[in-house]
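J.: Dumping the structure here so I can ask a few things about it.
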Amino acid sequence: MQSLSGSGLPNSHQALLRNRNLLSGRVALLGVASAHLLSELPFSGLALSEHAGVFHALERHENWQACFGYDAPALADSSYDSVVVFLPKARAELEMRLALARSLAAENARMILIGEKKEGIAGAIKQLKAVAPQASKIDSARHCQVWRAEAINPVPGFRVQDWLGWNRIECSGIAIDVAGLPGIFSQNGLDDGTRMLLETLAEQPVCGDRLLDFACGAGVIGAWTQAHQSAEGKPVASVDGVDVQSQAVICARETYRRNSAAGTIFASDGLSGIDGLWSGIISNPPFHTGVKTDTSMTEQFLQDVKRHLQPGGELRLVANSFLPYEALIKRYIGRVERLREDKRFTVYRAFRGQ
């Protein structure tokens, strides 16, 4: 096997470099996980990531058109001769990514699908062959499979709005409509952790006229909080939201629009990309990267959160009870209290000192 200078890259990116001879003409890369890939490719094109941090790294490559997610303005129909599709973490998202690939494809374009075996590439082949029956496997490398489809049938006109779905969720007598896209955490309804968090917000509200929902997902917490405050006849706080994933940002903005909620939805990798002080910060943070437990984002958030809380401001956070957040909250913010807990989840709160 040839030596790869990009050996620090994800396996799927290394597999592409091994098969870079397949890329010709105008190139589009969908689902880039590491901007270092672009430095290893001897040409330019379009590079899309749904991760805000990766997107900002892609922007530093001047010869490439960086795109953040499925609604990026630069996604032009029928413009690319080689379209690479990296397998998304959520299989439900692959159909949408393939649809975007077909809209970007020029006449007689080549599509390449790459994914790891442990991510489910074997099952994904059925989805690929549904849109490109002529697809064939051309390589197995770096625990990945590489599939190629020649002269795919372009289908221009991709709109992410066509993939939006809606769920109605209810908690403590308050119902809201929530937007969903394939692969979004809240697409299948209200999860138990968020429900417990909302119940504590109904019983013991976070005070303040401007709140922040960190890792806001589809915007459930902000929209529900404002609907509950309105129903109780209380002053309605503006609730801003921040999330690292493009689909979450899209869904949160749609959820806010449908429920007439007030607040700005930011795309940021943690709190590093936003400025401001809030009187309360609420979160049901993720702890998975793919199938692995990964608390690094929440640990970084807890290190950063104090400087975004007003003096006396509250952090309210729900997490799986086995995660080591209580000690971290105490270390970075101060005295921490358990508001509610069961065998699965714990709701914590802490206040920033004056």
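J.: Over all Cα pairs of region 107-180, how is the pair count split among 5 Å bins, expressed in % and running from 0 up to the last occupied bin?
T.: Result returned by the calculation: 3, 13, 17, 14, 13, 12, 9, 7, 6, 4, 2, 0.
J.: Also: What's the lysine pair count for the chain at a Cα cut-off below 18 Å, pairs eight or more apart or interchain?
T.: Eligible lysine pairs with Cα atoms under 18 Å apart amount to 14.
J.: Please turn the phi angles of region 197-214 into ³J(HN,Hα) values with the Karplus equation 6.51 cos²θ - 1.76 cosθ + 1.60 (θ = phi - 60°), one per residue in order, whole Hz, x for glycine and proline.
T.: Rounded to whole hertz, the list is 4, 4, 4, 5, 5, 5, 7, 9, x, 7, 8, x, 9, 9, 10, 10, 9, 8.
J.: So which residue, out of Ala179, Ala101, Ala130, gets the largest mean-square fluctuation from a GNM of the chain using Cα contacts under 10 Å as springs?
T.: With Cα springs under 10 Å in the chain, the top fluctuation among Ala179, Ala101, Ala130 is at Ala130.
J.: May I ask you to work out the translational diffusion coefficient for the chain at 10 °C, viscosity 1.306 mPa s, via Stokes-Einstein with Rh from the Kirkwood sum over Cα pairs, reported in whole µm²/s?
T.: Here the translational diffusion coefficient equals 74 µm²/s.
J.: Taking Cα pairs under 8 Å and at least six residues apart, what relative contact order does the chain come out at, in percent?
T.: It comes to 12 percent, rounded to a whole number.
J.: May I ask for the equivalent-ellipsoid semi-axes of region 162-227, computed as the square root of five times each C-alpha gyration tensor eigenvalue and listed largest first in whole Å?
T.: Over the Cα atoms of region 162-227, the ellipsoid semi-axes are 21, 13, 10 Å.
J.: With everything on Cα atoms, drop me the angle between helix 91-104 and the longest principal axis of the chain, reported from 0 to 90° to the nearest 10.
T.: Computed tilt is about 50 degrees.
J.: Report the gain in length on full extension from Asp209 to Glu40: 0.36 nm times residue separation, minus Cα-Cα distance, nm rounded to one decimal.
T.: 56.0 nm
J.: Right, something else. Would you mind telling me the share, in percent, of accessible area of the chain contributed by carbon and sulfur at probe 1.4 angstrom?
T.: 46
J.: Okay, next question. At q = 0.19, 0.34 Å⁻¹, what is the log10 ratio I(q)/I(0) for region 126-166, with the Debye formula run over Cα points and no solvent?
T.: For region 126-166 at q = 0.19, 0.34 Å⁻¹, log10 I(q)/I(0) is -0.74, -1.12.
J.: What number comes out for accessible area per residue over region 201-281 if the probe is 1.4 Å? Units Å², please.
T.: 37
J.: A further question on this structure: Can I get the semi-axes of region 6-89's equivalent ellipsoid? Compute them from the C-alpha gyration tensor as square roots of 5 times the eigenvalues, in angstrom, largest first.
T.: They are 17, 15, 12 Å, listed from largest to smallest.
J.: Which residues does the label zone of Asn63 cover in region 35-54, counting backbone N under 18 Å from a point 7 Å along Cα→Cβ?
T.: 35-48
J.: Label Lys117 and Glu150 with points 7 Å out from Cα along Cα→Cβ: what is the distance between them in nm?
T.: Label at Lys117, label at Glu150, 2.8 nm between them.
J.: Now for a separate question. If each DSSP helix of 4+ residues adds -39,500 (n - 2.57) and the sum is divided by the residues in the chain, what number results at 222 nm, nearest 500 deg cm²/dmol?
T.: -8000 deg cm²/dmol
J.: Can you give the net charge of the other residues whose Cβ lies under 15 Å from the Cβ of Ser79, counting K and R as +1 and D and E as -1?
T.: With Lys, Arg at +1 and Asp, Glu at -1, the neighbours total 0.
J.: Report, largest value first, the span of the C-alpha coordinates of region 38-140 along each principal axis, in whole Å.
T.: Answer, in whole Å and largest first: 35, 31, 27 Å.
J.: Among 228-237, 215-224, how do they line up by average Cβ neighbours within 10 Å per residue, starting with the highest?
T.: 215-224, 228-237
J.: While we're on this one: Which whole-number percentage describes the relative contact order of region 118-204, with Cα contacts under 8 Å and a sequence gap of 6 or more?
T.: Answer for region 118-204 is 16 percent.
J.: Separate question: Any chance you could run the full-extension gain for Arg335 through Gln354? It's 0.36 nm times the residue separation minus the Cα-Cα distance, nm to one decimal.
T.: In short, 5.5 nm is gained.
The values are calculated or read from the model by the stated rules, or taken from the named source; none is laboratory data. Only a predicted model underlies this, so the values are computations on that prediction, with no experimental measurement involved. Quick reminder, even Gly has a Cβ in these numbers, built from the backbone with ideal geometry, and neighbours come from all protein chains shown. These area figures cover heavy atoms from the full protein model, side chains too; ligands, DNA and RNA do not enter into them. Shrake-Rupley method; radii C 1.70, N 1.55, O 1.52, S 1.80 Å.
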